[in-house]
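Following: one structure in structure tokens, then a few remarks.
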Amino acid sequence: MTTGGTARGRFAFLDAGEAARRLGVDRRTLDQWVQQGRIRAYKGVGRDYFFKTADVEALYKELHPEPELAQAIAADEQESAATTGGAQPLQFVPRRKQQDPAMRVYLRLQADTKWYDVSEEDIRTWFLQLAPEGYERNRRNALHAIQKLQYLVSLIEEAQKRAP
């Protein structure tokens with residue numbers, strides 16, 4: 001998750017899939033949070049809806065406090081336990097909701113289909129605006145995605161060869 005105003009200035013809104021990915025939850029959970037008023041959704045075209053990047057970042061920070069805050073909470077719990085006669089302190093361990101592996105792959109493929117509407121000119125424009133310190137990180141991310149997709153294609157091809 002980005003901090004500060006870097007993401008806000010460039011991309012003010014995220015679609016529901018990207019918001020769920022950044023928050024580390026599935027779409028159902030995101031929908032529940034919208035219904036509960038935990039995060040506000042903005043209507044898009046058709047049935048699509050979007051979220052302000054700043055709102056997603058704020059909720060992420062609420063769900064995953066900074067390490068310093070987590071340590072402060074743990075220290076406070078230890079101090080409280082010491083003054084109450086030796087009760088065991090609570091350990092603050094942020095947990096990420098685990099999704100079913102099949103659902104994770106399905107959601108990732110759904111998100112990756114968005115590449116169909118991205119032209120080479122769009123990619124070039126994005127790249128020209130990319131800061132040089134982002135080259136290596138984005139290169140690694142792209143290579144990792146390529147590797148996973150190549151593996152998926154090989155599984156499909158193997159299954160097609162076995163199919164009658």
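Step by step: first the residues of segment 33-54, then only those that are under 17 Å from the mean Cα position of the chain (by Cα) and not in a loop (DSSP other than H, G, I, E, B), then the one that is surrounded by the fewest Cβ atoms within 10 Å (Cβ to Cβ). Which residue is that? Ranking the candidates gives ALA54 first.
Scanning segment 136-157 for residues that are over 20 Å from ALA20 (Cα atoms) and in contact with a helix residue (DSSP H, G or I) (Cβ under 9 Å, 6 or more places away or on another chain) yields ASN138, LYS148, LEU149, LEU152. Do we have any residue at all in segment 121-138 that's surrounded by 13 or more Cβ atoms within 10 Å (Cβ to Cβ) and either at pLDDT below 85 or not polar (S, T, N, Q) (or both)? No, because not a single residue in segment 121-138 is surrounded by 13 or more Cβ atoms within 10 Å (Cβ to Cβ) and either at pLDDT below 85 or not polar (S, T, N, Q) (or both).
Looking only at residues in segment 99-120 that are in a helix (DSSP H, G or I) and among the acidic types (Asp, Glu), the one that is modelled with the highest pLDDT is GLU120.
The values are calculated or read from the model by the stated rules, or taken from the named source; none is laboratory data. None of these values were measured; they are calculated from a predicted model. Because the Cβ atoms are built from the backbone with ideal geometry, glycine has one as well, and the counts that use them run over all protein chains shown.
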